[in-house]
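K.L.:
One structure is given below, represented as structure tokens, and several questions about it will come after.
The numbers here are math on the coordinates, done by the rules we state, and not lab data. Just so we're clear, the structure is a prediction, and the values are computed from it rather than from any experiment. All Cβ positions, even for glycine, are placed from backbone atoms using ideal geometry, and neighbour counts span all protein chains on display.
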Amino acid sequence: MALVIRLRREGTKNRPFYRIVVLDSAKRRDGGFLESLGTYDPALEHNNFKMDLPKVEGWLAKGAAASETVASFIKKSRIVAAK
């Protein structure tokens with residue numbers, strides 16, 4: 001079972017809201033997930049995502065791969081956490 005950390009779309013039509021989740025790579029985008037790690041709201045200007053970085057690091061240590069978008073969020077979170 002290959003695990004991936006990616007976005008799950010929620011919200012209404014023309015008003016998307018995303019959850020950052022861990023799931024099996026074979027599942028559909030909005031299918032069942034193992035754990036929710038954070039949120040992303042593209043409508044906000046700044047600080048538009050929140051993420052539990054220790055949980056993300058734990059899943060990455062277990063072999064989960066992050067999508068491109070989530071990888072950029074992780075990179076930004078690590079920079080903020082280092083300050």
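K.L.:
Take the Cα gyration tensor of the chain, multiply each eigenvalue by 5, square-root it, and list the three semi-axes largest first, rounded to whole angstrom.
P.N.:
The equivalent ellipsoid of the chain has semi-axes of 19, 19, 9 Å.
K.L.:
Identify all aspartates and glutamates with a Cα-Cα distance to Lys13 below 17 Å; exclude those on the same chain that are fewer than 8 residues away in sequence.
P.N.:
In chain and number order, the partners are Asp30, Asp41.
K.L.:
Taking the mean number of other Cβ atoms within 10 Å as a proxy for protection, how do you rank 62-69, 11-18 from highest to lowest?
P.N.:
Ranked by mean Cβ neighbours within 10 Å, highest first: 62-69, 11-18.
K.L.:
Could you list, in their original order, any pairs among Lys50/Lys75; Lys27/Lys75; Lys50/Lys76; Lys27/Lys50 whose Cα atoms are separated by more than 20 Å?
P.N.:
As for pairs spanning more than 20 Å Cα to Cα, those are Lys27/Lys75; Lys27/Lys50.
K.L.:
Then there is this: Would you calculate a helix-derived [θ] at 222 nm for the chain, using -39,500 (n - 2.57) for each DSSP H run of n ≥ 4 and dividing by the full residue count, to the nearest 500?
P.N.:
Result for the chain: -9000 deg cm²/dmol, rounded to the nearest 500.
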